[in-house]
Amino acid sequence: MTRQLHDQLAKEYLEELLKPLGKVETSKDVKSEVQEIDVWFVPTTTAINSELGLLGKMAVKSCLFEPYRNAPNEVEIRSCLVKLYSVQGELLRQAKREKRSISEEELPFLWILTPTCSERILEGFGAKTKEGWEKGVYFLPKYQKAAIVAINQLPMTEDTLWLRVLGKGRTQNEAISEVVELSKENDKWKYLVRIFASWRKNLELNSNVNDEEVRELIMSLSPAYLKQCEEWKQEGIEAGRQEGRQEGRQEGRQEGRQEGQKDGQRLMVESLLAVRFGNLDEELSAIISQLMELSPTERTQLLVNLSREELLARFKVD
């Protein structure tokens, strides 16, 4: 279930990032196989999109993206290669019907995105690093037209940010927090925060929150969810202010909204603690008031990154 939800999130996320650069198809059927391609991208320009860093560099040519929540085994990687060659076969047959040629460069490339990758897998597929590409990007032999991206090995730079979002654990947590911070500086990234917030809510509603992987993904998406909730509240407050001014009852309405906002923030903190640690016991409940005194950003970072013991030690109640 978690794999399916992650796949849907990854597809929507990559589609939103890549569609300004070209044609994006998700969940495309492979005719010769009972399989789907996660993301098939065909660029409309050969210029590298510098804003997307490594992802923009990968998307200069026609390619397939196959993102994984958990590291794929050798069978799953071979399955990806089968899909790639099926697509290439379709394109070659189409070109033949249209009596035109298609060059090797025009055939799509495969990018397998995995949170981690073992040396055994890399060695077995002959995957190696290449000059001019970041650490963590391993290319299969030339004519296989494929590469494995081990997201946890990518350098922690702005260029790798958009791929690190598709990682796991701390890698993903930190990347999503970075996107949230970027959205504060540049409105153009706010749509990504909305996607993350929406998927966090879907996970809570449609998944078993006691499942460790579900809890991990919920926590990774929580900074975006909290940021979006703050925006929704601010929009509501502003609308309420205007209404209050019009009706001459601004002061009373404002006080009520402030109380409601505090209650909403407290409920979110309680929800995060319960999801992260399984339940909200007496010890955790006792530190909520101190957490509420922090800024939303600092509060979220602590809730996402600190263990139960670290939280209790930091906010020790006498």
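Observations on the model:
- Listed here are the helices (runs of 4 or more DSSP H) enclosed by region 106-190 that have at least 1 residues being touching a helix residue (DSSP H, G or I) at 6+ places or on another chain (Cβ under 8 Å) and modelled with pLDDT of 95 or more: 119-124, 161-164.
- Qualifying residue in region 58-69 (condition: at pLDDT 90 or above, touching a helix residue (DSSP H, G or I) at 6+ places or on another chain (Cβ under 9 Å) and surrounded by fewer than 14 Cβ atoms within 10 Å (Cβ to Cβ)): no
- Here the helices (runs of 4 or more DSSP H) wholly within region 215-318 that include at least 1 residues being surrounded by fewer than 12 Cβ atoms within 10 Å (Cβ to Cβ) and at pLDDT 60 or above are 250-277, 282-286, 296-305, 308-314.
The values are calculated or read from the model by the stated rules, or taken from the named source; none is laboratory data. What you are looking at is a predicted structure, and each value in this text was computed from that prediction instead of being measured. When we count neighbours, we look across all protein chains shown, and the Cβ atoms used for this are built from the backbone with ideal geometry, even at glycine.
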